Structure formats: C-alpha cells, structure tokens
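Let me begin by presenting the structure, written as structure tokens, before commenting on it.
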C-alpha cells in the first residue's frame, strides 16, 4: 500500500504543514508546482528531501490561483488547462531530476481535483496535459471518477486513492463535507479503517454496509500537528500489521 | 551565423510582437517562460511553431515580475535565482519536448541579463540554474561578461551575441541607451553592420575605430512592425551575401 | 444619453485599446482596477485624462485573474467577493481623487458581470462591496438582471445599459454570442440602433418585433481601430440628432 | 508613547503572526495592503478589529512582490512607485472607512523602508504617493533618514520610530543585522530600553555611550509567540511606569 500526502504548500515567507515530518511517513509526495502553492525554492527543497528518502515525487497540479489556494472552481478553457498542467509538470520535473529522481505521477489539487472528478471535459484536459509530458506518466485519481475513465481512455496509467478519515456513501462517493459525520476525527477509528482498506479493500460505509473500495494509495494529511500525528499512527499500524508500504508507481 | 530574437512575450489577453513573422526570420527563438512574460498557452504555440520550422528553442529566463516585464533589477538571493532559472527551463522544456524538440540554450532577459553581465554572484546563480538542468545546456551571453566567464568556469557551453543596431565602445561594451547614437535607426547601416559582423567579426566602434567582436549570434528585435522589417532585411542581406544562417547550438 | 466604454485595460508593458481616442467619445469610463487588467500607473493616467475631459469615472471591478483577463467564472465566496470589490473601488478612487474627481459608479467586468447578472448570491456580494464604499455610489447593470434587483433591494442607485451592436431576444436578453447574428457588424445599422435606443427606448429584437429597452447608458467598445471608429460614428449621429450626451451619474 | 506593529501579513490560505493578540497590545497597526502581503479579506478583518479597539490604522505599503514578501530591493521607477503607494493607501482606506475609521498614517515595508531611508529619489516618490492621497496624511519614518527629510520638504507630517530590541550606533543608525549584538534577545533588557526611550528619549548605544533618540513610536514585533510575549511585556512595563500609550497621530 502507498501513503500519499500534499506537500510543498508554502509560498515565499509563508509556510504550511510540516514537510520534513511527513516525508518520514509517506511513500508518495504530491508536491505543489507554483500555481496554487509552492515556489521554486520550496519545490527544490521538497524534491531533494523526497529523493533522499526514496519517496516518489508527484506533481500536484492546480488552478492558477494563489489567492484562493486553488480551492475555487475556475472555468478555464480545456486547451488552456492542458497547457497549464504540462507547464507545472515540467517545472517540477526539473527539480526532481536535479535531485536524481523524476516526476512519477500527477495528482490534481483542490477545485481541479473536484471538477475533473465529475466533468468529462476538464478530466480529458487534465489527462491530455499528463499524456503530453510522457505517455507512461501516471495519474492518481478518485475511484470511479470521470478522471479515472478519461485516463484509461487515453492510455494513461491510472491509480485510485481513498481517504481513511472520510465517510463514504454506499455508492463509494465521499460524503459531502457539509454533512455531519463526513470527516472522522477518532484516531483509533481512522487508523483501523486505513488498515481494513489496505488489507481487505473494504470499508464500512456511512449507512453501516460493507463497501468494496479498491485503492492503490491512501491519502493522509499533514497541515496540522494533529494531522501529522494521525498520519504517523496510520503508518505504524499498517507496518506493525505487516502491510508493506511502498509507492504505487 | 545565427539570428536570435525574443519571442512569446504575450500574456493572457495581451499580445506583443509578431511571433509568426519572426519565426520565419530567426534561427533561434528566446521564448519567455512565464516569469516576466509568456503563459502556458503562448509557450506551447511558439514551441510548436519553432519546432515546425527547425528554429532552435531557447529559454528566455527572467525575474518574477510580470508588472515590470522583468526590466527592473530585483535583489533576489542567488540560491533563489538559481531555483527560479531551473523552474523556467523545466516548464519551457515540457512544451519543447511535446513539440518533439527540446530547450537547447538559455538566455537571460532584461534586468537579469544586465545584472548577470556585470555581477559575478548573479552570473554564477544563473549559470548554476542552467547547469543543474543538464550539463551541456548552452548559455547565450554578452561578450566579455561576468556571465560568460561564470559559464566557462562552470563548464557550461557559452556563446556570445552582438547587436547590429547598437553602437559599441572601443572596449566592446554597448554604448548606454542614455547617450545619443546608442541605437542605430538607419536600416541600410544596420544591415551592413550585421553583414560585417557575420563575415569579418569586426565592426566600427562609436569612435570610428575597428573593433573585433566575436559573436556566435546576432540579436534582432520584433516588437514593432518596423523591427520585423529590419530583421527581414538583415536576413536577406546575409543570405544573399552567402552567409549560412543556422542556430549556434 | 450616456456612452460608456471599458478603458485602462493595459498592464505593465502591455497595451490594449486606445484610451486617448475613446476618452474623446464617451461620457463615462469604466476603468480597470488591477485585478483583471490595469495597474497603478495606467489607472492614474486614465483618471487624469478622464477628469480633464469631464468624463465620469467608474470602477470596472473584476475577478482576480490577470492571466484570464477576468473572463473566466471563478467560484469565489460571496464575502471574499464583496471585499475584493471594495478593495478595487478604494484603489481607483485614490487616483480619481488625486485628479480632483471621484469614482461615481461601479461596473462589473467579464465573467463577474455575466455571473452577477443571473446569480443572486454573487449579485448581492457585488452590491454589498459597492454599498460599503458609500451608500450613494451607483452600479451600472444589465437591464432586468439579478444585479439590478440586488442593487434596488439594497438601496444602491442602479442604472441599466444596452448594447447597440448586439441582438436582443424578445424578452430583452442578449442573444448568445454562440448564435449567428448575435453581434451586428454593419456600422450604419449599429449607429441607427443606438439612435433609436436613445430617442425612443425601443429597438427591433432578433425576431423582428419591437422591444422596449430602458437604458441609461449605451456601451461602446474601443479595443480595435474599427471599434473606435464605430464608437465615434455613434457619438456623431447621436449629437447631430440632438441627443445630449452626458454621464448617467 | 505609541507602539506600532506590522499586522495583516497573511495571504489567502497562509497566515502570519497573531493579529488578534497584537491588536490588544499596540496603539498603531501597520496593515499590509496586498502588494507584499495581505489580501482584501485580511485587510477588512484587521481594519474592523483595529477600529473596534481604537487602534490607529496605518497603510503598510511595499513593493509588488508577494513571492519575496517585499523584502527584496526592486529598482522601480519613482513615478511608478508613487502610483503604487497611492493605490495601496486607497485600497486600505476603503476598509478603514467601512469600519468607521480611516488610514491615519503610512509606513513603508521591508526593502522599500530600507531603500527610502537612504535613497532621496525613492524617498521622494514614497512621500509623493502619501501626499497625493491627502496633504495631512502622516508618514512614519526612521529617525534622521532621507525619508524623514523628504516628508518634511514636502510638508507631509513625519514621525520617527525606534526599535527597543535593536542596537544603535553612536550616530543613531541601526547596527547591521549581520553584526553580532545587532538584535537584543533578553526580554528584561529590551523592556527596560523601551521604557528609557519612552521617558528620557535616550538609549545606550552599541559602544556604551548615551544616544539621544527622539522617537514618536516604538516598533514591536508579533510574528512569533515569543515576540508577542515580549511586546506584551513592553506594554505592561510602560503602563505600570505611568507612560500613557496612545497613537502618535
């Protein structure tokens, strides 16, 4: 099983999260590329640290919206989106290669992730940007999404991720954050769910039923001290239980 | 002899210069990478057109200053500058490679060009960014500059450029634009100087003496209709006179 | 009748339209405030020129999206939108007051204009930003829009504008630009429509019927040489026909 | 005596310092205006909180350089600098007025502060931007600086600030941060210096001599938990010692 996390989200004088701590926990790092967060110096540092630890480097591509942290839907033309995805991958890969690694996968950030999960046109544009970089660059997707289908249609290697700290509907969709119970806060429960997901591919859904959820990677968060601690606990429980942690690519 | 020009300097809804016309004239294109000008869509288009015509693609790297078009000196830390240079090269190379070409050289833009010509520290940072991308990526420099020396010291292939429409001091420096006669406007004279530079490596300096000016490339401008016409005239005169035009890399 | 136009849309080294020419034609200037276009120096210059000619100064507020020229829908939170509208008005008013004038009205630009025309929430946020600057600052709106209704509900003086070069449906909506005949190109026809709108408040709709269209202002464009010429023709025809041109505020 | 501090330095999803805590300590708030830090929503919030507490609102104007937090010297043309200063003041004042207060003074940030302290041309441009907003808007300056002289020459009310935690040369200049002992870390010593500055206008310089330092305001920092604690201690010692704290304007 793979653990992925969003890293390199500082910008200039501003910091976010604890990149160093998380790089000791995850096996794949989604590194911001300067459009929604990150700058050249942050990208270099996180690529170097990831490469040293053997953590797989992923390009965390987002809308060009620093002020909104890429969390606001932007009605960008598909051809422009494909270009901006390609730009971000190329920029990050320069640092990955300088650190004797390379960008091994792409993950969409924030509003782009949410939009490309359900909108076939934005999904296709995202995939086109990835495919143009090179044809075997992987895309990390929500399961059963337009993004996943667009990747498969274009021959781009697609992988699915799940969230141990989020409730799922019986159909396998994330419960909206606006509803109660959407985010799980009990650390023991979250770690136990992560273990079940990793070993059985199943999880209890929001209505108490059994949901099959094929995930190649589990996404963990690192933007608060508590989040880092939870991520560490998930890693420890998985490792103690004999789950081998390694990047999905 | 090579002819180079600054291209891809539009941004979003704003255009600058006539990229299409210039790509039929030059043999090397210095393409803006989004920091002082250019955006992902402009970069893609210019890379595609350059690749189609066999024009060499160069990364025209600049300070992160869209509002100032990279023309204002910025006291950036050398390690940050090296990172930003690397970022820009990587971003452009993604488009160059998608167009089945690649970034073959780097040229600094505006205030970065001027500063790195005389400041050893910024020159070394620029060169470090280039060298980290890969060790045989070339740098196009002012002749007899700190930039050229820094490149040579680091083992980065360095090439020198000259300007047919600018007056030179007897020491081989450009006459300051603030002085009368710094920029030559007579098209016949400029074209004739280009030919002399290309065939003899010599040019008459601002005091009437003979100056030896070893240049691997001549820089021509394309940001006004008159500039495009002058560039075309230079190309025609060189070609008619038997000078073979091809990229310096 | 008032003629309004979008001005001050340059940015840094990039220019757009012919501000000088248009300021001799219009009675109200919608001046970009730096979010989708414009910078401090452009704003100062256009405010000075407008004030000299007695042209009313309006704040042309837009989404924070220079790369997209404010033409892309952005799902910004309403409270953030109200803050960004207020920011832009304040910034422009500093230049208007330094030129011994003041911002007399606000008009939304691009995607914000289109969204706030139909979305009650964004309309209310736009109006809230205007109202907070001061309570008698006017808002220039599409006729029969959510924006107009939100302004009226908040007690903000609201005015309606029409386009002489656009076809209208029998319901008084603009025919979508995606449909044939949406934009009228015949200069004589456009000028004649402008005159009819100004004198009778009526216009022939896209199906040949008679449409009542109460407009306080006619919007004219200035971003191409042909557009400037057309705007001048409209002004001349109105003036020759005895229509008094003056700002609506 | 006045205590001033740099506030509102977050941007989008990024935070910096503890604005709430500092607003209970200071009597004047230097609020970032969006060029080096701050955005419309941060500006609104800090203006509202400052107005509620009767803290004077100052426009903390900086270079247009979010990536560098305004800490890098930028060779901007003086007329552009004056325009950018005016833009920032106007934008902040919109929020100050909406909170039933107003911008009462201006302070330069970072590299602009340092440059305008010694460069007469940038000092004059800064002052020109302030003066154009209105003629009795104050400028908070380093003592004995070009900035102070430029303000006095232009008839702009000028006030001087001192730093309790910085060593001064016998000539009254700050000891360079590159030298040992430039920044004082002992809280008791710093608070005691603040009290001496406030009550006697004198301070011990770096060579042990007595330095007369006329300051209208003391600058305190709030960007770390320790800094907030130190600022609180200074406030308490001054208050306990009978020094009345109120804004200098």
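Scanning segment D:106-147 for residues that are more than 16 Å from residue D:86 (Cα to Cα), assigned to a loop (DSSP other than H, G, I, E, B) and out of contact with any helix residue (DSSP H, G or I) (no Cβ under 9 Å at 6 or more places or on another chain) turns up D:143, D:144.
Scan segment A:57-74 for residues that are part of a loop (DSSP other than H, G, I, E, B) and facing another protein chain (nearest Cβ under 10 Å) and the total you get is 11.
Being assigned to a loop (DSSP other than H, G, I, E, B) and in contact (Cβ under 8 Å) with a residue 12 or more places away in the chain is a property that residue C:172 has. For segment A:195-213, the set of residues classified as surrounded by 13 or more Cβ atoms within 10 Å (Cβ to Cβ) and assigned to a loop (DSSP other than H, G, I, E, B) consists of A:201, A:205, A:206, A:213, listed by residue number.
Residues in segment D:88-105 that are closer than 14 Å to residue D:52 by Cα and either at the interface with another protein chain (Cβ under 10 Å from one of its Cβ atoms) or out of contact with any helix residue (DSSP H, G or I) (no Cβ under 8 Å at 6 or more places or on another chain) (or both): D:95, D:96, D:97, D:98, D:99. Inspect all residues belonging to segment A:138-159 and state whether any of them is at positive phi and either crowded, with 21+ Cβ neighbours inside 10 Å or in contact with a strand residue (DSSP E or B) (Cβ under 9 Å, 6 or more places away or on another chain) (or both). Yes, because at least one residue in segment A:138-159 is at positive phi and either crowded, with 21+ Cβ neighbours inside 10 Å or in contact with a strand residue (DSSP E or B) (Cβ under 9 Å, 6 or more places away or on another chain) (or both). A count restricted to segment C:216-244 and to residues that are part of a loop (DSSP other than H, G, I, E, B) and over 16 Å from the mean Cα position of the chain (by Cα) stands at 5. Within segment B:1-33, the set of residues being within 14 Å of chain C (Cβ to nearest Cβ), surrounded by fewer than 24 Cβ atoms within 10 Å (Cβ to Cβ) and either part of a helix (DSSP H, G or I) or within 17 Å of the chain's Cα centre (by Cα) (or both) comprises B:10, B:16, B:17. Filter segment B:176-189 down to the residues that are more than 28 Å from residue B:242 (Cα to Cα) and either buried (at least 17 other Cβ atoms within 10 Å of the Cβ) or out of contact with any strand residue (DSSP E or B) (no Cβ under 8 Å at 6 or more places or on another chain) (or both) and list them by number. B:176, B:178, B:179, B:180, B:181 - these are the residues of segment B:176-189 that are more than 28 Å from residue B:242 (Cα to Cα) and either buried (at least 17 other Cβ atoms within 10 Å of the Cβ) or out of contact with any strand residue (DSSP E or B) (no Cβ under 8 Å at 6 or more places or on another chain) (or both).
Here is a list of conditions, (1) under 25 Å from residue A:58 (Cβ atoms); (2) surrounded by 14 or more Cβ atoms within 10 Å (Cβ to Cβ); (3) at pLDDT 95 or above, and residue A:192 meets all of them except one; can you say which number that is? It is condition (1) that residue A:192 fails. Whether a residue is surrounded by fewer than 20 Cβ atoms within 10 Å (Cβ to Cβ) and at pLDDT below 95 was assessed, and residue C:224 passes this test. Looking at segment B:58-67, can you tell me whether even one residue there is surrounded by fewer than 24 Cβ atoms within 10 Å (Cβ to Cβ), in contact (Cβ under 8 Å) with a residue 60 or more places away in the chain and under 21 Å from residue C:65 (Cβ atoms)? Checked segment B:58-67: no residue is surrounded by fewer than 24 Cβ atoms within 10 Å (Cβ to Cβ), in contact (Cβ under 8 Å) with a residue 60 or more places away in the chain and under 21 Å from residue C:65 (Cβ atoms).
Regarding residue C:46, is this residue more than 9 Å from chain D (Cβ to nearest Cβ), assigned to a helix (DSSP H, G or I) and either in contact (Cβ under 8 Å) with a residue 40 or more places away in the chain or under 22 Å from residue D:76 (Cβ atoms) (or both)? Yes.
The values are calculated or read from the model by the stated rules, or taken from the named source; none is laboratory data. All values derive from a computational prediction rather than experimental measurement. Quick reminder, even Gly has a Cβ in these numbers, built from the backbone with ideal geometry, and neighbours come from all protein chains shown.
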